[in-house]
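The values are calculated or read from the model by the stated rules, or taken from the named source; none is laboratory data. Just so you know, these numbers come straight off a predicted model, no measurement behind them. Using ideal geometry, Cβ is built from the backbone for each residue, glycine included, and neighbour counts are taken over all protein chains shown. For the accessible areas, the whole protein counts, side chains as well, though only heavy atoms, and no ligand, DNA or RNA atoms are used. Shrake-Rupley method; radii C 1.70, N 1.55, O 1.52, S 1.80 Å.
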Amino acid sequence: QVQLVESGGGLVQTGGSLRLSCAASVSIFSFKAMGWYRQAPGKQRELVATIITGGSTDYADSVKGRFTVSRDYAKNTVYLQMNSLKPEDTAVYCCNAGTYRDEYWGQGTQVTASS
């Protein structure tokens, strides 16, 4: 059974940084794409960043230039480095991983950027 476990969330002041980690219970070579989503209270879930097999990345316009997604195959972990955090980045951040057949989600980690 595939498990994704996020960590690294917390409370940070506006302008601060956090690094989220998503550790997979299987080799991340198994996935064609991995990504980070977030959902703020009263809002729809939105895609924040993705990284695909070939290494290409994509970001939501709201986080371009501030967030960076990366992966470590040796640790079976995907990261989301978040810099220059803003109050509007406050949300529960979830890791997602997909094969050609299945999709998996982590439990989420809370990120709060206080003004």
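A compact table of results
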quantity: Residues (in contact with a Phe, Trp or Tyr (Cβ under 8 Å, 6 or more places away or on another chain) and outside any strand (DSSP E or B)) located in segment 94-109; calculated: Thr99, Gly108
quantity: Top-ranked residue in segment 94-110 [being in contact (Cβ under 8 Å) with a residue 12 or more places away in the chain and farther than 16 Å from Val5 by Cβ; ranked as most open to solvent (accessible area, probe 1.4 Å)]; calculated: Tyr100
quantity: Among residues of segment 1-28, those that are β-branched (Val, Ile, Thr), under 21 Å from Asn83 (Cα atoms) and either part of a strand (DSSP E or B) or modelled with pLDDT under 95 (or both), counted; calculated: 1
quantity: Where a residue in segment 14-27 is loosely packed, with under 14 Cβ neighbours inside 10 Å and its partner, wherever it lies, is of a type in the set (Val, Ile, Thr) and assigned to a strand (DSSP E or B), with Cβ under 9 Å and at least six apart; calculated: Ser25/Val5
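Yes or no, residue by residue, for (1) of a type in the set (Gly, Ala, Ser); (2) touching an Asp or Glu at 6+ places or on another chain (Cβ under 6 Å); (3) at pLDDT 95 or above:
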site: Thr50; (1), (2), (3): no, yes, yes
site: Asp61; (1), (2), (3): no, no, yes
site: Ala97; (1), (2), (3): yes, no, yes
site: Trp105; (1), (2), (3): no, no, yes
